[in-house]
Amino acid sequence: MGKVIMYSVVSVDGFIADENDHPGPLFDWYGNGDVPLDASGEINVSRTSYEYIRPYWDQIGVTIVGRHVFDLTNGWDGTPPGGVDDVVVVTHRPAPESWPAEAPYHFVDSVEAAMTRAQELAGDRVVEVAAGDVGGQLLAAGLVDEVRMDVVPVVLGAGKRYFGSVDTQHLLDGPDEVVQGNRVLHLRYQVRRG
């Protein structure tokens, strides 16, 4: 079974989007370099960021998201982002009526069911958990092994919290890795057990 990693870009005050779900300047660093991060050529980062992120992206087999993220992105039009094989969506609603049955998306009704399905699909590859409410629920349930965050030097002041509505203390070890990119700081922590 692969690692379970919670990940997102985050402001220095801990938000992954503003109150209207807009990332604002959080993704600006995706265009401030000269190294293409993916085949689209739309994301260009510094060499340092590329060397940190690309190997991680290549390990991801499945991404778990909540229905809110799915709806905001329109499910990335049926194509999982970043070359991921499958997406597991935590929701209490069925897939949209017009959703293509062949799209590699799996709709489940709990974070536990999401993790079970994601690990079946991922095998020994990484299960990535999108930060926010679903990510916070998986962390609180003890199902996350590692936290990765790309910290951008901006203060949003309010918005969607990286750990969602987590209201109890969780200790992390490390940081195991600190990499400074161009206007972004890449951090990696192990979740402390016991």
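The values are calculated or read from the model by the stated rules, or taken from the named source; none is laboratory data. Only a predicted model underlies this, so the values are computations on that prediction, with no experimental measurement involved. So basically every Cβ, Gly included, is an ideal-geometry build from the backbone, and we count neighbours across all protein chains shown. In case anyone asks, the SASA skips ligands and DNA or RNA and just uses the protein heavy atoms, side chains included. Shrake-Rupley method; radii C 1.70, N 1.55, O 1.52, S 1.80 Å.
Let a ≥ b ≥ c be the square roots of the eigenvalues of the Cα gyration tensor of segment 1-75; is it rounded (a/c under 1.5), or, if not, prolate (a/b larger than b/c) or oblate?
The shape class here is oblate.
Leaving out ligands and nucleic acids, note down the accessible area per residue over segment 1-115 with a 1.4 angstrom probe, in whole Å².
The answer is 50 Å² per residue.
Classify segment 125-194 from the C-alpha gyration tensor, please: rounded if a/c falls under 1.5, else prolate or oblate depending on whether a/b exceeds b/c.
The shape class here is oblate.
How big is the Rg/Rh ratio for segment 82-150, C-alpha atoms only, Rh by Kirkwood, two decimals?
On the Cα set of segment 82-150, Rg over Rh gives 0.96.
Say R0 is 30 Å: what FRET efficiency, to the nearest 0.05, do residue 95 and residue 58 get from their beta-carbon distance?
Using R0 = 30 Å, I get an efficiency of 0.60.
Mind giving me the nanometre distance, one decimal, between the label points for residue 39 and residue 18, set 7 Å out from Cα along Cα→Cβ?
Result: 3.5 nm between the two label points.
Where both residues lie in the chain, what percent of DSSP beta bridges are antiparallel, nearest 5?
40 percent
Quick check: at a probe of 1.4 Å, how many percent of the accessible area of the chain sits on carbon and sulfur atoms?
Whole-percent figure for carbon plus sulfur exposure: 49.
Specify the inter-centroid distance of segment 137-182 and segment 36-55, based on alpha-carbon positions, in whole Å.
Using only Cα atoms to place each centre, the spacing works out to 22 Å.
Along Cα→Cβ, 7 Å out, is where each label goes; now give me the distance between the ones at residue 178 and residue 193 in nm to one decimal.
2.7 nm
About the Cα centre of segment 1-148, how large is the charge dipole given +1 on each Lys and Arg Cβ and -1 on each Asp and Glu Cβ? Please answer in debye to the nearest 20.
Dipole size: approximately 260 debye.
Tell me which of 121, 170, 30 sits at the most positive position along the dipole axis of the chain, charges placed on C-beta atoms (Lys, Arg +1; Asp, Glu -1).
Of the listed residues, the answer is 170.
At 1.4 Å probe size, what's the solvent-accessible area of residue 172? Round to the nearest 10 Å².
50 Å²
Considering the zone a paramagnetic label at residue 32 would reach in this model (a point 7 Å from Cα along the Cα-to-Cβ line), which residues of segment 46-62 have amide N under 20 Å from it?
46-54
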